Amino acid sequence: VPVDDNVPAPPPTIGVVGAGQLGRMLHQAAIGPGLRLRFLAASAGDCTVAVHPDHDLGSALDAAALTAFAGTVDVVTFEHEVIDLEALDRLVAAGAVLRPGPQAMRAVADKLDMRAAVAAAGLPIPPWRRADTVVDVVEALADWPDAVLKLSRGGYDGRGVFMVSGVDEARAVAGEVFSAGTPLLVEPRLAFEAEAAVIVARRPGGETVVYDPVATTQVDGQCRQVVAPSGLGDAIDEQARSMGQAVAEALDVVGLVAVEFFVVDGELSVNELAVRPHNTGHHGIDACVTSQFENHLRAVADLPLGDPRLRSPAAMVNVIGDGDVDPRDRLAAAMALDSGARIHLYGKGPRHDRKLGHVTVCDIDVERAAERAWRVVAALGGQKAGSGA
Ligand SMILES: Nc1ncnc2c1ncn2[C@@H]1O[C@H](COP(=O)(O)OP(=O)(O)O)[C@@H](O)[C@H]1O
Ligand SMILES: [Mg+2]
């Protein structure tokens, strides 16, 4: 049979490490173009497992489980960063294809490494210090009486971020959080005007697309609302885009990189990175030509990237667990309220402060989009604006 070099290889089977709501939405995005996924789920109760039959059960912190999983797929990607990083290096040495690679995973798994990586890329970051002891924390508080202590590893959704004022409170909190066994990042508490984020998709070889920057609102460190476009002005949007692109290149990311920013005096500094789909891009399922989830899969499969543009202004509001209220029980009421709202529930059992879903509303008036989304979230029984734990 003659070999035709112009016929591209069929798309690879993509292995996704992790099986939470991001995995679930990756699965949803894979269905349209018919891409094949397998998941490594930590538990049979993970919310992707309920909707996707093809998975292994095992921990991403277990080198043997990771290695066995990698052997069943063509390319490996990640939906969280709590991973055995040393195992990733060994997998690459053994010929596995990891997208993104270990260098990018390392830069996002630890907030101290993240600060160093962003600084090395020449991008602005907030003032910060490493603290290994309570004494280090107390010394930092002499310069920054209102400070933020962050666990360098394992924190997410504001778990692992502690606001402290004054030496006494800092000493008490630091004593407790050092028991988690990781060093701390200490920062001054910034009076930012806004928080923004941008997502970049990048293919092997360097082709990128950049999503419209968004404005985000966190309550108690947890993302609650995202609006797109950001409304922060062209200058800030342009900075966000170019910094996003710079991070993608500096870390040689394949897949997605999400960059979170603080806006202080009209200037951006980089707060946080993730190299996976991110909460600040969820609106794109309903509002963009190509969602972040589909572009993540396209990038890691080395397929041409899709148009990231907004089809409409949009607002996304998270459904955050309020006590033991189950939004699934309130679906009919929420749907009756606003037939234009797009409701996404993740199939997770209700728990206070847990991300259970999100609601996106596309509306030419972005403020009205946000109001409509908040009303539907309230009907679902999610926490109200400003009512964090
Ligand atoms: N230095 C700071 N000053 C003021 N607020 C901060 C600071 N650092 C973090 N925050 C708030 O806490 C949120 C979560 O912090 P982040 O570092 O992104 O941790 P996580 O990994 O939990 O997302 C931020 O989005 C912001 O709202
Ligand atoms: Mg964050």
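Where a number appears in this text, it was derived from the coordinates with a stated rule and is not lab data. Please read these numbers as outputs of a predicted model, since none were measured by experiment. Here the Cβ positions follow ideal geometry from the backbone for every residue, glycine too, while neighbour counts run over all protein chains shown.
Descriptive notes on the structure:
- Note on the range 106-151: residues that are assigned to a loop (DSSP other than H, G, I, E, B), under 17 Å from Pro183 (Cα atoms) and away from ligand 2 (no atom under 16 Å from the Cβ) total 3.
- Per-region count, the range 331-353, residues assigned to a loop (DSSP other than H, G, I, E, B) and under 20 Å from Asp157 (Cβ atoms): 8
- Of the residues making up the range 230-255, just one is within 24 Å of Gly18 (Cα to Cα) and within 16 Å of ligand 1 (Cβ to nearest atom), namely Val247.
- Note on the range 190-214: residues that are away from ligand 2 (no atom under 16 Å from the Cβ) and surrounded by 17 or more Cβ atoms within 10 Å (Cβ to Cβ) total 9.
- Residues that are buried (at least 16 other Cβ atoms within 10 Å of the Cβ) and outside any loop (DSSP other than H, G, I, E, B), drawn from the range 68-84: Phe69, Ala70, Val75, Val76, Thr77, Phe78
- Complete set of residues in the range 215-232 that are within 16 Å of ligand 2 (Cβ to nearest atom), of a type in the set (Gly, Ala, Ser) and free of Cβ contacts under 8 Å to residues at least 40 places away in the same chain: Ala215
- Verdict on Ala385 being over 30 Å from Ala9 (Cα atoms), among the aliphatic types (A, V, I, L, M), within 22 Å of the chain's Cα centre (by Cα) and part of a strand (DSSP E or B): no
- Strands (runs of 3 or more DSSP E) enclosed by the range 224-330 - at least 1 residues per element that are under 13 Å from the mean Cα position of the chain (by Cα): 255-264, 267-274
- Screening Tyr156 with (1) aromatic (Phe, Trp, Tyr); (2) more than 15 Å from ligand 1 (Cβ to nearest atom); (3) closer than 30 Å to Gly15 by Cα gives one miss only, at (2).
- Qualifying positions in the range 248-257 - surrounded by fewer than 24 Cβ atoms within 10 Å (Cβ to Cβ) and touching a strand residue (DSSP E or B) at 6+ places or on another chain (Cβ under 9 Å): Glu249, Asp252
- Lone unmet requirement of (1) closer than 21 Å to Thr13 by Cα; (2) buried (at least 18 other Cβ atoms within 10 Å of the Cβ); (3) touching a helix residue (DSSP H, G or I) at 6+ places or on another chain (Cβ under 7 Å) for Val92: (2)
- Given (1) without any contact (Cβ under 8 Å) to a residue 60 or more places away in the chain; (2) surrounded by fewer than 17 Cβ atoms within 10 Å (Cβ to Cβ), number of the condition Arg342 does not satisfy: (2)
- Selection of the range 352-372 for residues being crowded, with 22+ Cβ neighbours inside 10 Å and in contact with a Gly (Cβ under 7 Å, 6 or more places away or on another chain) yields Leu356, Val361.
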